[in-house]
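Report on the following structure.
The values are calculated or read from the model by the stated rules, or taken from the named source; none is laboratory data. Values in this document were obtained by computation on a predicted structure and should not be read as measured data. Counting neighbours? That spans all protein chains shown, and the Cβs are built from the backbone with ideal geometry, glycine included. Just the protein is used for accessible areas: all its heavy atoms, side chains included, with ligands, DNA and RNA removed. Shrake-Rupley method; radii C 1.70, N 1.55, O 1.52, S 1.80 Å.
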Amino acid sequence: MSRIRMKQVQYIVLILVGIFLLSSDGELIAGEKKNIVVLRWMTDPNPIRKQQVALFEKMFPDVKIELDASGHRLEKVLTQIAAGAGPDLTDLENTGALHTLAKIGALYDVTDLVKEHKIDLTKYWPQARPWHEVNGRIYGLPNGCISFVMLCNLNIFRKYNVPLPKEDWTWDDFRQTAEKLTRKDAKGRYECFGYAGYAFHSWWHWLWQNGADVFSPDLKRCILDSPEAKETVRFIYNLRNEWHVAPSPLELAGMSGGGGWGQEDINLFAVNKLAMFERGRDSLIQFRKFPKLEWTAVPLPRKKDKASTFYSRITAITRDCKHPRDAFKFLRFLYSEEFQRQIVDLVDGQPSRQDICKSDYFLRDPNHPEDWERNKIFYMETEHSRNIHLSPYISFPEMERAITSVFDEMWSGLLTPEQACEKMAKEINFIIDKNLSSEKKSQ
Amino acid sequence: MRTHSIGQHLKRGEFGAAILFLLPNIIGFLGFTLFPIIFALGLSLFKWNLLTPMEFVRFVNFKELMHDPLFWKYLYNTIFLMLGIPISIAGSLLLAMLLGWRGLRGVIFFRTLFYLPTITSGIALFILWRWIYNPDFGLMNRVLSLFGIQGPNWLIDIHWAKPALIIMGLWVSVGGVNMLLYLAGLKNIPLEMYEAAAIDGASHWQQFRYVTWPLLSPTTFFIVIMSIIGGLQGGFETAFILTGGGPAGATKTLGYYIYEKGFVDFQMGYAAGISCILFLIIFILTLIQWRIGQRTVYYQ
């Protein structure tokens, strides 16, 4: 190749590399267009988020939301923030994520902004408080909530002529109802199960109903080895292995088609293979896809106590946000009556404001009279619902892994329920003790 | 004889152009390979959760690792899942020999068919195998029932989850890159060798044992080393997408554990420590294989 041509090639390569480097410069990507601030909101892939964004942009035309609906798992949020590329707004999936991010300064403290804009936090359900407050400081605002109720497939109840449960039904009533609803076909294969629902998030209220809990009041010990906890886990175990009214979680995962928005039990319920399972009001949006499905909601059964599990979702501003006051407009939007009513309309759980939940807009929605009785049950159960108390001495993922791993061993027949409870308590306490000891050493 | 450096062979302009063309690769290697390796080695001596300042803890991470029952459990899982490697290599060789048979028609069709699983999306494969392994209506248990065998719960059985993954891995790897490498290796064996062996009265088996196998030893050596390295580093995708690492951690490998410790528990130093141990294991095993290879590999 001649010298002149080689030089030309060199110049061309240099120019191309330069263009590549310049085009990847983040500073050139517009965060502001004219007087409009663009904010990135990291949330779940629920299709209704677009409608929520549309309503927000109508109310606050000077702020545009760029939806990042690929999920908001803690590891994703934290990694992006560590790289300096975090979202402006992010949803948080549990109180553990809130505490982790707040503790390391990854979230923007909005306490003063809440006071400035006179946002009355007492309007929210009291159970929502731990979801946005850490040591008296506010780091976000609720974005909808749910409480678990027992959803009943009326098609199946009517088919087998089983009466609907009463409001004050007990664990024994529940077991008998599930037995009547569990049926096999002529070849001995299960046609329909009476109940399903041992996902990690759905057995906490069974513990509370029996006077048990996962942690001691000071959150420094795991008390899953208490007699009440063992009795509860034995009851859940017997639902499958003794009374055969439910598939094991592993079998449920194997039976389901999975995929899409929602989970295996919702799909089985919708196709009339499952008579009862616990879920919140957010499942309604899935059921509306199945017009032939007839269902209702009843309170959870009780034993020593009445209890349900409360879940909230919150949206927080991250420390990477360059326009926190504009981002706070989104939090104000979440607090607004317009958004809370939109939660009712779009069936995105329940309004996180108690006053909206008590109103006729929720309890007697004229567009959906079929939901009146169900919404009343959702409201009533929320009054009895509790938060999952997470210990600050063990991370949520570590706790979840310890529990689900031991549960897997139990379902595989390697452990009895009582042994499983003792093993869970032992493993969790080992981690708590290790973390407490590290904390003492660093002090 | 005078030796000349590369620079002296090339003219000035050509040398500059050579560096320029190599630069993206060099920058990529330094930035995305060498630097992260050195950083990870250093990080293993610290405690760090990505956002707060690093805390120098010397060898505390390694000490905790040695007493971590999960580390040993997942190391066992990783090694167990590598039991499929010899079967995969034997299967690849067999397929290559069949495809290399001169009398076979439709070689290109079969070669493409066997290679398809390698180029199919991992997610699609996992969805397919999840259906195949379904205990109630899956293909695997249906076929077994034809022979009067009641199939296990496969992916949801603690004892059968790992064998299930090995079988799935064999289905992908037998007709994959190893088969192509063996095909190329077989084509490089001079036909005169076989003719000479035939003249000497060697049977087909003797021809394989004394001609094919020794002359394929460089290819086998390469495949074994790469398979072992891949096996020790692998298992993340399967655990993350197909099984979630379950049941009860039965399908979690060291690769998954590194991710879990680093990006779920945010113990980056601990995760770096695991990766250092893994690097050491791979390094020692590779050295041993090189030593063995020097004595057993035949180069033409």
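Could you please find all residues in region A:406-415 being outside any helix (DSSP H, G or I) and either within 8 Å of another protein chain (Cβ to nearest Cβ) or modelled with pLDDT of 90 or more (or both)?
Answer for region A:406-415, where residues must be outside any helix (DSSP H, G or I) and either within 8 Å of another protein chain (Cβ to nearest Cβ) or modelled with pLDDT of 90 or more (or both): A:412, A:414, A:415.
Among the residues of region A:120-174, those that are in contact with a Cys (Cβ under 9 Å, 6 or more places away or on another chain) and either assigned to a helix (DSSP H, G or I) or without any contact (Cβ under 8 Å) to a residue 60 or more places away in the chain (or both) comprise A:127, A:128, A:131, A:156, A:159, A:160. Scanning region B:71-95 for residues that are assigned to a helix (DSSP H, G or I) and open to solvent by less than 70 Å² (accessible area, probe 1.4 Å) yields a count of 16. Every listed requirement among (1) within 14 Å of chain A (Cβ to nearest Cβ); (2) over 22 Å from the mean Cα position of the chain (by Cα); (3) at pLDDT below 95 is met by residue B:300 save one, (1).
Scanning region B:235-279 for residues that are part of a loop (DSSP other than H, G, I, E, B), under 17 Å from the mean Cα position of the chain (by Cα) and modelled with pLDDT under 90 yields one hit, B:235. One residue stands out in region A:388-405 among those that are over 23 Å from residue A:146 (Cβ atoms) and open to solvent by 50 Å² or more (accessible area, probe 1.4 Å): the one that is farthest from the other protein chains (Cβ to nearest Cβ), namely A:392.
Of all residues in region A:88-113, those satisfying the criterion of being of a type in the set (A, V, I, L, M, F, W, C), surrounded by 23 or more Cβ atoms within 10 Å (Cβ to Cβ) and assigned to a helix (DSSP H, G or I) are A:97, A:98, A:101. Counted as qualifying within region A:1-87 are the helices (runs of 4 or more DSSP H) with 1 or more residues that are acidic (Asp, Glu) and modelled with pLDDT of 90 or more, namely A:49-59. When region A:49-86 is filtered for residues that are open to solvent by less than 10 Å² (accessible area, probe 1.4 Å) and over 29 Å from residue B:50 (Cα atoms), the ones remaining, listed by number, are A:49, A:52, A:56, A:63. Specify the residue that is nearest to residue A:294 (Cα to Cα); the eligible residues are those in region A:374-400 that are in a loop (DSSP other than H, G, I, E, B) and of a type in the set (S, T, N, Q). Taking the candidates together, the pick is A:387.
In region B:42-68, the residues that are at the interface with chain A (Cβ under 10 Å from one of its Cβ atoms) and farther than 23 Å from residue A:320 by Cα form Cβ pairs under 6 Å with partners that are part of a loop (DSSP other than H, G, I, E, B) and open to solvent by less than 50 Å² (accessible area, probe 1.4 Å), at six or more places apart or across chains, as follows: B:47/B:57.
Would you confirm, using the coordinates I've provided, whether residue B:160 is under 25 Å from the mean Cα position of the chain (by Cα), within 14 Å of chain A (Cβ to nearest Cβ) and not β-branched (Val, Ile, Thr)?
Taking the combined requirement at face value, the residue satisfies it.
Hey, any hits in region A:100-115 for a residue that's among the small types (Gly, Ala, Ser), within 29 Å of residue A:85 (Cα to Cα), touching a helix residue (DSSP H, G or I) at 6+ places or on another chain (Cβ under 8 Å) and within 14 Å of another protein chain (Cβ to nearest Cβ)? Yes: one or more hits. When the residues of region B:209-228 are narrowed to those that are farther than 30 Å from residue B:78 by Cα and without any contact (Cβ under 8 Å) to a residue 24 or more places away in the chain, which ends up surrounded by the fewest Cβ atoms within 10 Å (Cβ to Cβ)? Restricting to residues being farther than 30 Å from residue B:78 by Cα and without any contact (Cβ under 8 Å) to a residue 24 or more places away in the chain, the top hit is B:209.
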